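For reference, the structure is listed below as structure tokens.
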Amino acid sequence: MHPAPSVIIFTTLSGLGFGLLFFLGLGQPAVTGFVAFVFYAIAYALAVGGLLASTFHLGHPERAWKAFTQWKSSWLSREGVCAVVALLVMGLYALGAVFMGSHWSLLGWIGALFSLATVFTTSMIYTQLKTIPRWNMELTPAMFLSFSLAGGALLSGAEALAPWLLAIAGAIQLAYWAKGDGAFARSGTTLGTATGLGVRGDVRAFEPPHTGTNYLLREFVHVVGRKHAQKLRMIAFALAFVLPLLLILIPASGVVIKHFLVLLAVASHLAGAMVSRWLFFAQAEHVVGLYYGKR
Amino acid sequence: MNQPVIDTSPKVSDEVRKTTCYMCACRCGINVHMKDGKVAYIEGNRDHPVNKGVLCAKGSAGIMQVNAPSRLRKPLRRVGPRGSGEFREIEWDEAISTAVGWMHELHETAPQKLAFFTGRDQSQSFTSFWAQNFGTPNYAAHGGFCSVNMAAGGIYTMGGAFWEFGQPDWDHTKLFMLFGVAEDHDSNPIKMGIGKIKARGARVIGVNPIRSGYNAVADDWVGITPGTDGLFILSLIHVLMKAGKIELDYLSRYTNAPVLVNAAEGPEKGLFLRDADGKPLVIDRATGEPTAFDKPGVRPDLSATYDKDGVTHRPVFHLMAEKYLSDEHAPEAVAERCGIPAERIRAIAAEIARVAFDEAIELDHEWTDFRGEKHSKMIGRPVSFHSMRGVSAHANGFQTCRALHVLQILLGSVEVPGGFRFKPPYPKPVEAHPTPHGDRRPGRPLNGPHLGFPRGPDDLLLDDDNNPIRIDKAFTWENPMSAHGLMHMVISNAAAGDPYKIDTLFMYMANMSWNSSMNTKGVMEMLTAKDDDGNYIIPNIIYSDAYSSEMVAYADLILPDTTYLERHDCISLLDRPICEADAAADAIRWPVIEPDRDVRGFQSVLIELANRMSLPGFVDEDGNPKWKDYADYIVNHERRAGIGPLAGFRGENGDKEGRGEVNPDQLDRYIENGGFYVAHIPEGADYYKPWNTAYQDWAVGMGIYDSPQPYLFQLYSEPMRKFQLAAEGHGDRQPPEHLRQRIKDKMDPLPIWYETDQQGNEGFTVNALTQRPMAMYHSWGTQNAWLRQLHGRNPLYVPTKLMREHGLKDGDWAKVTSPHGEITVPVMEMAALNDNTVWTWNAIGKRKGAWALQEDAPEATKGFLLNHLIHELLPSKGDGMRWANSDPITGQAAWFDLKVKIEKAAAPADVESQPEFGPIKSPVGTGPKDLAWKVGK
Amino acid sequence: MTQLPQSTERKMGLVIDLDTCVGCHACVISCKGWNTENYGAPLSDQDAYGGNPSGTFLNRVHSYEVQPADGHAQLIHFPKSCLHCEDAPCVTVCPTGASYKRVEDGIVLVNESDCIGCGLCAWSCPYGARELDMAEGVMKKCTLCVDRIYNENLPEVDRVPSCVRTCPAGARHFGDLGDPDSDVSKLVAERDGMDLMPEMGTKPVNKYLPPRPKDTVEDQIDILAPLLAPVAEEPKGFLGWLDKTLEKI
Ligand SMILES: Nc1nc2c(c(=O)[nH]1)N[C@H]1C(S)=C(S)[C@@H](COP(=O)(O)OP(=O)(O)OC[C@H]3O[C@@H](n4cnc5c(=O)[nH]c(N)nc54)[C@H](O)[C@@H]3O)O[C@H]1N2
Ligand SMILES: Nc1nc2c(c(=O)[nH]1)N[C@H]1C(S)=C(S)[C@@H](COP(=O)(O)OP(=O)(O)OC[C@H]3O[C@@H](n4cnc5c(=O)[nH]c(N)nc54)[C@H](O)[C@@H]3O)O[C@H]1N2
Ligand code: SF4
Ligand code: SF4
Ligand code: SF4
Ligand code: SF4
Ligand code: SF4
Ligand SMILES: [Mo]
């Protein structure tokens, strides 16, 4: 798949943002007043910024509101609905925290739930696609959720949970890669089934239908070299998990240093998540590539 | 659920205008849907005899041709050096007077100094009429480099050819065998026909080194070695004759198989025995006596011989048995050279025999033959064949084509149900065709048509000193039967001043500085070559094109043509009409839109030029022009009394067909009728046409001939024997010594196969071919925004075996060399390909700056031409002469004899195919960036 | 509308004969012409005369080589447009309801005025049947020529898709695949019509007729007696046979 920056930015930032909102909703940290304002501002900036970024690739962003209508069947629509509910509920909850210094915990729980649900629905947009076997696995939502939670934990300063969540997310990431690499082959879809000609012999794409490019090739056919991908995976893993873990586990005294280290950890995690997300898209092979003799 | 309400019955258009497509010479009928006076959508015309509603990609994309940014806009006069593309726009007045200035004096003093050659001209009966009245012997269209082998092979053998002049009986045939066709000019009908056959589940056999297109759908593919079809066909003949699977009755009645061949030594040896009236003699089975072949009631004997003056004269069929039963034609003897296993040859022969004889069909149509005999049935041998340039574009193509016709005739499958059928005006024997004409009389018209079919050495166009009369050396000993001229030799001969210098080269729709020439680079040099005084060796070049092609840059004066929807055209029975096997048909084009540029239909410009020069034929006794424009000519010109360019709606009331007085409303009647006219051949006249009195009478009525012309199929070609006799030393007109042996060998009156001249090709062992892409027409498609997305560049397709041998992968580059040149191009693997053949799509590669494309267009950067490797002359043999790369009989350009060597190469530094030529300046700029072409709301 | 109808009254679709398609691209361009001028926005082209031309097409013709276990490689031309799937994932993923499957005939359409151009439907289509138009920013796909097949401004014979009407080889058939007695259904039954990527569970309505077996002439024909038994071994004998046979005519 074409790794469109808008979608990478959207999924990573909003994942992180909703992760943070999740923790905030659960009262972690139970901040109020200006500090709360800062936390919520960051969370909203990430979540809303991400959502806005996702509209950049739309042909008609001005009609984006129509995307809320099909929640009965469409995960993208559900995502929109969840996101709006989460943001509204958490907004109310934030009002309480910032201006009234109170935590309406039922609201917080609901907001947290919808925040997670938003991340889950985002992941389901990808997971549901049989056309992209690497995404069409349970590990996809697991990965999105674990990233979101780990990032949220980091950002929210959930010191005790963060290392564990990072470790879990790291493990899921490895599992996702391992399983994802064989997914296309396991899906059973080949040029043979795509053309129905497989029963007759080995099928090879000969002349493409056009010598230039087209939307399908631009959107769906993106080839990442194996070596290159391997390198990027190492970078992603190191930045997203190893480095943040080290940074938050470094025994540090002093609030400033501690905060600084956490900030570094967050930055590193975000960078790693971006690389991982780039790979998530760039390495995802759409079955339509088969028709063009590509994967 | 509430789903959107959509309008499922929108208005389709304001008006439909019916005319004829021009994106190739198939000439399908089109419905042009108009909205707000603009072309909105083009579809096929269901009532049209050619395409019956279907339309190919090019035809549907006609709308993008009509609005192409490459359209020329105004007459142009060259200001920069030739080849630069620098022009100034001029008015038509200046254009016409410039052209008249160059040509008028030539007409009056030395008409041969004008060479007028046209490309895939669809108005040849008119352009030749113009040239004839100008008085120059130097006129031809593109047939010489295209497929004259097919046309001539067919006409000399059976009075009609494949090309677009005949077709399989698609409705009845049960086995269809296709030799070397990628697309052809019968483009839609062949596809429709194959579709019909397939729907019946009947068999299609494709003989072609490349298994794409028609060969891809063929049930059996014969991946023959290029240039060996003749061997393969003669071997099929061998097997079939040996098994007696031939149609003896048909052979005895309708062919010259029973005709007695003179065996007495002397100048008549090998000619037919004839009676006092000159009629060939056969032995009548009833009387045992030699009798004129067409005497009522005669039953020609295929076997009987005739002794006279101590000499035994044998019938043609004896000579054939002797020749083709010999072991050199056995499958085992040819298998290796053809690349087809002997068992496969036998299996195919067996299948042909099975279908022809075990699955014969009978139609209950009564008919009477030319000997007066009545037949109650029409017996069909439902095996049909078709062939085109794969056979034609080899230097042995004429004889191969003859061999294929002989095979058809032996099976009795020509002009019978299920077999091959002629389209009017064919069948038409050689005798009914003109001979070539070429006198040069200043100020007077030529003494007859330029092109024709020589019957023997007397018809050659040689002057008293035995020098060629024509600039292209057509109808000389080098290529005696060059019935279509030799377009590919015009520029090189003119540049060499051999046989003489010319003054003005006048060309029409032929992209000669690029894809239409062999030796493209050499041609560009010849067109720009200067003499010692710094003058161009070809002093004036006038060219008419509709688009900014590569050739435009090489002309001094450009006469910009209209596009096909903006002018009148006439697709005439006098020329290459749109007939079907059971109907005569012709068609017009008419201006369904008006040009939005200062351009004029070329034919009308020719009329204006003729009028300005007062060319005979174009002005009356008082010197007044007869016609003001082409439309006027189409309606009012008469070739013979009552016969004009259009056969339909003749006579004052428009109720006469074929023959009749001029009808001033004729064009309107055509337009009302959908742009065409069809005259159906009555049942009972629709098969056995060459011998069927009902057909012959109908054809006379239609004005196709002036009297019935029944004839025999010429398995044995007497005209060829006459040339051979000359080479054996008989007669006054003698070939030059260096050609004597060649004439003896190649002009065999019975089809033979010979290896094309391979001297100088040592080390070049891989065959290199081109094919036409179905969605592109030569260079035209490139300017079409839709079509160029399908074929914007062309790789060299290389068989798996050669890919492995040379360590090549898809996308690698290879250097391809011939004795003549070198190209470096990207390669792609193809498995369904003859192991020793590479190929590419024809005419995709473009010169930078042409066709209003941006200079980085893939056509100009990645695309390439194979033409750089092909020369109009063969490699030097060291005998001091350069032999033409043409068929020694017809002069047909031997494009497909090309042999190359391939090796892996590094990608060129700029990753562009080589050779590269500098850009030419576009006289029309470049096209717009984005398109969303919708004319309605 | 993003939900699929429980069932459709008819299942209109195409049957494409891979045994007959010669790969001429006529259907491609005819489709482009009709759909540029008709339903919704024109099918645009970018860099139309430049170095990287690319445009929207609703129908494309691929070609494949098949190498059987033994015998010659074969080449198969392969047209592909929307298959109007019964379980069309492109419909259910659409967040706006722009994509829908018509109840009356099963045609899958995009209502362009609702489409936000998110591209998700194209992601979900296994067949590459949807292309986002770069000029208009909306999703384009085969409409099964919904504005032709019922169009009362067209003569009845012409109420078929543009690609079907134009196909010179007659390799494209149109009809109701839900009706077992329709010509198309019979053709599918006779020729073992197949689904593309059945494992995707999309249940395509369009069917493909597989190429017939190839290169069988040697296997089917006995190359010797009786068909090709020589009438005589010697050329002389041949003339003898000739005399005898001629007697009989
Ligand atoms: N779409 C389209 N249609 C066209 C044209 C076009 O440019 N585009 N051009 C028109 C013109 S001018 C012409 S002349 C006709 C030509 O129509 P075709 O005769 O179809 O011409 P080519 O495309 O040159 O195809 C030649 C075929 O012969 C095969 N071949 C080559 N050598 C041999 C051989 O030795 N034996 C056999 N058996 N096969 C061989 C090649 O593989 C190829 O398939 O098409 C006309 N129609
Ligand atoms: N390598 C290789 N080369 C080949 C062949 C091959 O098989 N292989 N085939 C050969 C054959 S058979 C042929 S016929 C030739 C084709 O030879 P050409 O006839 O030269 O082919 P085109 O490229 O079609 O060029 C014709 C010119 O006509 C112009 N034109 C188009 N429409 C109009 C119009 O309405 N009016 C006017 N005045 N001009 C118009 C075009 O712009 C173009 O410049 O190519 C030959 N070249
Ligand atoms: S075959 Fe195509 S290009 Fe040729 S005349 Fe017919 S529709 Fe036009
Ligand atoms: S028009 Fe017909 S034959 Fe041509 S590519 Fe399309 S389906 Fe195949
Ligand atoms: S082919 Fe693709 S676009 Fe068409 S209905 Fe099926 S999934 Fe949807
Ligand atoms: S691109 Fe348009 S039709 Fe496709 S899913 Fe998005 S909104 Fe729906
Ligand atoms: S049915 Fe209509 S829209 Fe669909 S591919 Fe054919 S022409 Fe195009
Ligand atoms: Mo040609």
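The values are calculated or read from the model by the stated rules, or taken from the named source; none is laboratory data. Being a predicted model, the structure only gives us computed values, none of them experimental. Cβ atoms come from the backbone with ideal geometry, glycine included; neighbour counts cover every protein chain shown. Ligands, DNA and RNA are excluded from the accessible area calculation, which covers all protein heavy atoms including side chains. Shrake-Rupley method; radii C 1.70, N 1.55, O 1.52, S 1.80 Å.
Some observations on this one:
- Dipole orientation for segment A:5-292: of the candidates A:Pro244, A:Ile125, A:Ala97, A:Ile125 has the Cα lying most toward the positive pole (charges on Cβ; Lys, Arg +1; Asp, Glu -1).
- Of the solvent-accessible surface of segment A:5-292, computed with a 1.4 Å probe and all protein chains present, 75% belongs to carbon and sulfur.
- Estimated buried accessible area (total), pair A and C, 1.4 Å, Å² to nearest 100: 4600
- Per residue, the solvent-accessible area of segment A:187-295 (1.4 Å probe, heavy atoms of protein chains only, all protein chains present) comes to 45 Å².
- Assigned charges on the beta-carbon of Lys, Arg, Asp, Glu; chain B dipole about Cα centre (debye): 1740
- In this structure, A:His228 and B:Asp930 have a Cβ-Cβ separation that, at R0 = 30 Å, corresponds to a calculated FRET efficiency of about 0.35.
- DSSP finds beta bridges in chain B, and of those with both partners inside it, around 65 percent are antiparallel.
- Overall size of segment B:240-381 from C-alpha positions, given as principal axis extents largest first: 50, 45, 19 Å.
- Other protein chain C-beta atoms within 10 Å of residue C-beta, averaged over A:124-131: 5.
- The mean sequence distance of close C-alpha pairs (under 8 Å, at least 6 residues apart), as a share of the length of segment B:251-294, puts its relative contact order at 28 percent.
- Peptide A:55-66 shows a mean partner chain C-beta count of 6 within 10 Å per residue C-beta.
- Mean separation of Cα pairs under 8 Å and 6 or more residues apart, divided by the residue count, gives chain A a relative contact order of 24 percent.
- Accessible surface of chain C, 1.4 Å probe, proportion on carbon and sulfur as whole %: 51
- Per residue, the convex hull spanned by the alpha carbons of the protein assembly as shown comes to 187 Å³.
- In segment C:1-20, comparing the full protein assembly with the chain on its own, the residues that lose 50 Å² or more of accessible surface at a 1.4 Å probe are C:Met1, C:Gln3.
- Probe 1.4 Å, protein heavy atoms only - accessible area per residue of chain B in square angstrom: 30
- Rounded to the nearest 10 degrees, the inclination of helix C:235-248 to the longest alpha-carbon principal axis of chain C is 80 degrees.
- Pairwise Cα inverse-distance average, inverted: Kirkwood Rh of segment B:690-740 (Å): 13.7
- Rg to Rh, two decimals, where segment C:1-151 supplies the alpha carbon set and Rh follows Kirkwood: 1.00
- Within the same chain, lysines fewer than 8 places from C:Lys248 are excluded, and of the rest, those with a Cα less than 16 Å from its Cα are B:Lys245.
- Added length on full extension, which subtracts the Cα-Cα distance from 0.36 nm per residue, B:Arg46 to B:Lys374: 114.3 nm
- Unsatisfied cross-links (Cα-Cα over 30 Å) in the set B:Lys899/B:Lys929; B:Lys746/B:Lys899; B:Lys52/B:Lys473; B:Lys18/B:Lys628: B:Lys899/B:Lys929; B:Lys52/B:Lys473
- Averaged over the residues of peptide C:212-219, the number of Cβ atoms from other protein chains lying within 10 Å of each residue's Cβ is 6.
- About the Cα centre, charge dipole magnitude for segment B:815-937 (Lys/Arg +1, Asp/Glu -1 at Cβ), debye: 400
- Computed Rg/Rh of segment B:300-356, alpha carbon atoms with Kirkwood Rh: 1.18
- Take the convex hull of the alpha carbons in segment B:380-445; its mean projected area over all directions comes to 6.8 nm².
- Within the accessible surface of chain B, defined with a 1.4 Å probe on protein heavy atoms only, the carbon and sulfur portion equals 46 percent.
- In terms of the mean number of neighbouring beta-carbon atoms within 10 Å, the peptides B:339-352, B:914-927 order highest first as B:339-352, B:914-927.
- Within straight-line cross-link reach of B:Lys269, aspartates and glutamates at Cα separation under 17 Å, skipping those fewer than 8 residues along the same chain: B:Asp307, B:Asp309, B:Glu718, B:Glu728, B:Asp732, B:Asp745, B:Asp748
- Options A:Gly152, A:Phe220, A:Val84, ranked by Cα towards positive dipole end of segment A:5-292, top entry (Cβ charges): A:Phe220
- Positive end of the dipole of chain B (Cβ unit charges, origin at the Cα centre): among B:Pro819, B:Pro773, B:Ala393, the Cα lying farthest that way belongs to B:Pro773.
- Taking every DSSP bridge with both residues inside the protein assembly as shown, close to 70 percent are antiparallel.
- Length released on extending from B:Asp358 to B:Gln734, taking residue separation times 0.36 nm less the Cα-Cα span: 130.4 nm
- For chain B, the longest principal axis of the C-alpha atoms and the axis of helix B:92-109 are separated by about 40°.
- Ranking by accessible area, most exposed first, for A:Ile9, B:Ile643, A:Ile168 with a 1.4 Å probe: A:Ile168, A:Ile9, B:Ile643
- Percent of Cα-Cα distances greater than 25 Å, calculated over segment B:141-256: 29
- Under Stokes-Einstein, with the Kirkwood radius over Cα pairs as Rh, the value for segment B:537-610 at 10 °C and 1.306 mPa s is 111 µm²/s.
- Stretched out straight at 0.36 nm per residue, the stretch from B:Ala286 to B:Lys809 would grow longer than its current Cα-Cα span by 181.3 nm.
- Here, segment B:745-872 yields an orientationally averaged convex hull projection of 10.1 nm² when only Cα atoms define the hull.
- For segment B:375-498, diffusion coefficient by Stokes-Einstein and Kirkwood Rh (Cα), 25 °C, 0.890 mPa s, µm²/s: 143
- Computed over segment C:88-173, the percent of Cα pairs more than 23 Å apart is 31.
- Angle in degrees between helix A:75-95 and the longest Cα principal axis of chain A, rounded to the nearest 10: 10
- With DNA, RNA and ligands ignored, accessible area of B:Lys245 (1.4 Å probe; Å², nearest 10): 50
- Segment A:5-292, Cα convex hull volume normalised per residue, Å³: 141
- Scattering curve values for segment B:92-200, log₁₀ I(q)/I(0), Debye with Cα scatterers, q = 0.11, 0.13, 0.14, 0.17 Å⁻¹: -0.55, -0.68, -0.73, -0.90
- Look at the alpha carbon pairs under 8 Å that are at least 6 residues apart: their mean separation over the length of chain B gives a relative contact order of 17 percent.
- Cα pair distances exceeding 27 angstrom across segment C:110-232, given as percent: 43
- Computed label-point distance, nm, for sites C:Glu234 and A:Glu62 using a 7 Å Cα→Cβ extension: 9.7
- Computed from the alpha carbon atoms alone, the convex hull of chain B holds 188 Å³ per residue.
- Chain C - share of DSSP beta bridges that are antiparallel (%, nearest 5): 90
- Association of chains C and B removes close to 8000 square angstrom of accessible area from solvent, both sides included, for a probe radius of 1.4 Å.
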